[in-house]
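Have a look at the structure below, then the notes.
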Amino acid sequence: MAAYKRRNCINNMTANSKELIQYLTAAGMVISGIVLAFLSFFINGDVVDGVLWYVAQALAFAGGVFGVSIYFRTKLGEAKTEIKELVERKVEDIRTQERREASCEE
């Protein structure tokens, strides 16, 4: 029963809250990477390899989140525009055909 409630809770999550979580985690990763790099430099006087690897992973994750989100939003907008134009052309074709048929009947 608890698993069903969890699944239902996840399914009820809106797109806006999912995006908010993605953006917050990406921003959190970037901030944590920067803070860790500064701490490593000021405490050790050098940025060690592990810290550099973590910063790189944090930046790659954030870039992935922002890049994928923007890419899909752009492609979705293009698809909506194409579908709208196609529907408008089809409706206009049908109206033109109906006008021709009406003028032929007269």
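Numbers below:
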{"quantity": "Residue match in segment 32-48 (condition: surrounded by 12 or more Cβ atoms within 10 Å (Cβ to Cβ), in contact (Cβ under 8 Å) with a residue 24 or more places away in the chain and either out of contact with any strand residue (DSSP E or B) (no Cβ under 7 Å at 6 or more places or on another chain) or of a type in the set (D, E) (or both))", "calculated": "yes"}
{"quantity": "Selection within segment 48-80 - polar (S, T, N, Q) and at pLDDT 90 or above", "calculated": "Q57"}
{"quantity": "Residue within segment 66-80 that is surrounded by 10 or more Cβ atoms within 10 Å (Cβ to Cβ), β-branched (V, I, T) and more than 12 Å from the chain's Cα centre (by Cα) present", "calculated": "no"}
{"quantity": "Candidate set from segment 49-65 (those that are within 13 Å of the chain's Cα centre (by Cα) and without any contact (Cβ under 8 Å) to a residue 40 or more places away in the chain); member that is surrounded by the most Cβ atoms within 10 Å (Cβ to Cβ)", "calculated": "A62"}
{"quantity": "Segment 50-75, residues that are among the aromatic types (F, W, Y) and within 20 Å of L39 (Cα to Cα)", "calculated": "W53, Y54"}
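The values are calculated or read from the model by the stated rules, or taken from the named source; none is laboratory data. Source: prediction; values computed, not measured. Counting neighbours? That spans all protein chains shown, and the Cβs are built from the backbone with ideal geometry, glycine included.
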